[in-house]
1. Take Ala24 and tell me if it is among the hydrophobic types (A, V, I, L, M, F, W, C), more than 26 Å from Thr139 (Cα to Cα), buried (at least 18 other Cβ atoms within 10 Å of the Cβ) and under 25 Å from the mean Cα position of the chain (by Cα).
2. When only residues in segment 204-220 that are under 18 Å from Glu297 (Cβ atoms) and among the β-branched types (Val, Ile, Thr) count, which is surrounded by the most Cβ atoms within 10 Å (Cβ to Cβ)?
3. Considering only residues that are over 20 Å from Arg220 (Cα atoms) and surrounded by 14 or more Cβ atoms within 10 Å (Cβ to Cβ), which ones fall in segment 186-201?
4. For segment 33-51, give me the residue count where each residue is surrounded by fewer than 16 Cβ atoms within 10 Å (Cβ to Cβ) and among the small types (Gly, Ala, Ser).
5. Kindly provide the set of residues from segment 147-164 that are at negative phi, in a loop (DSSP other than H, G, I, E, B) and touching an Asp or Glu at 6+ places or on another chain (Cβ under 9 Å), ordered by number.
6. Out of the residues in segment 193-223 that are touching a strand residue (DSSP E or B) at 6+ places or on another chain (Cβ under 8 Å) and not in a strand (DSSP E or B), state the one that is farthest from Thr127 (Cα to Cα).
7. Going through segment 126-145 one residue at a time, which ones are among the small types (Gly, Ala, Ser), closer than 25 Å to Pro89 by Cα and not in a loop (DSSP other than H, G, I, E, B)?
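The values are calculated or read from the model by the stated rules, or taken from the named source; none is laboratory data. In this text, all values refer to a predicted model and were calculated from it rather than measured experimentally. Don't worry about glycine lacking a Cβ; one is built from the backbone with ideal geometry, like all the others, and counts go over all protein chains shown.
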Amino acid sequence: MKLLEHTVPADIRDMPVSAYLKRAYPSIPQYALREALSKKDVRVNGQRALLGAHVTAGDEVKLYIADKYTGNGLAVLHEGGGLLVCEKPQGLPVDLDGDGIGEDTLLSRARASYPEAELLHRLDAGTGGVILLAIREDTCEAMLRAFREGTLIKEYTACLLGAPEKKAGTWEGYIAKNSSESLVRVYDSPREGAKRAVSDYRIVSETEYRGERLSLACIRIHTGRTHQIRAQAAHAGMPVIGDDKYGNREANRLLNARLPSLWCSAMELAGPAVPEDLRGLRFESRPRFPLMRLFEEG
């Protein structure tokens, strides 16, 4: 057994401990967290927490959990020139959520070995693949400038619902955030508060599974808007499988897809802002979402 302990963040007010632990430790299976609660292996302020217990800001939480659930490894693809390139697993947030919750994140794992690590961009929790961090201040400044200038080449692999007639094309529109609903909306023409979003897609393979036609797509994004690929794919009528926010929930249940079938499969460092010793480097990651096996087998 391993002891995990921390203090509940300042913004939390009267949250069920079961819901809190799920957000604080997203890589621990929910059944293991439920078992820990039922066995009274969770303590809040020194007292054993019952299944209906709640936590609030400042509470001291202790979780006793089997060692097999605490493997917080960091898959490093590259380290050099002040740059740290990792492969993020699906389901792991990159940083704390909006309420400051997150004892296990990509950034916390990186900082365990590289205390100075800073995120250069973000991936949704459900998206896996290549992610860049800076471990030196000058590299951080240069790379953030490159991201702002939009010169980096960012490629994703996605499993989409349906088989479009047009096997390659461009999704171009305008994306506006709806903060109250924690999602974005896509418009075909300019709209106040909406930012231009451009993505190129190419269908590389098709298959059928459980009565649904599926397409494997390579997507290159030219802008970096929130939920860009997921929202644009759904707007185009071919949502990302496993995406319950913008996609087809009925199909997701049928296909047993619990996370978006979306992976950042490559990033190439291009543009004048990229430090010379890093310029031209390309980092790749093999997609590992579950439905990828259908296309690899075919």
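1. yes
2. Restricting to residues being under 18 Å from Glu297 (Cβ atoms) and among the β-branched types (Val, Ile, Thr), the top hit is Thr207.
3. Scanning segment 186-201 gives Arg191, Ala194.
4. Initial filter on segment 33-51 (surrounded by fewer than 16 Cβ atoms within 10 Å (Cβ to Cβ)): 34-35, 38-40, 45-48, 50-51.
Next cut, among the small types (Gly, Ala, Ser) only: 38, 46.
Selection size over segment 33-51: 2.
5. The answer is Leu152, Ala163.
6. Gly193
7. From segment 126-145, those among the small types (Gly, Ala, Ser) are 126, 128-129, 134, 142; that's our starting set.
The next check asks that each one be closer than 25 Å to Pro89 by Cα; those that pass are 126, 128-129, 134.
Selection gives Gly128, Gly129, Ala134.
Residue by residue, here is whether (1) part of a loop (DSSP other than H, G, I, E, B); (2) within 19 Å of Thr105 (Cα to Cα); (3) in the same structural domain as Leu106 (by TED's automatic domain parsing) holds:
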site	(1), (2), (3)
Ile12	yes, yes, no
Arg23	no, yes, no
Ala36	no, no, no
Val61	no, yes, no
Leu77	no, yes, yes
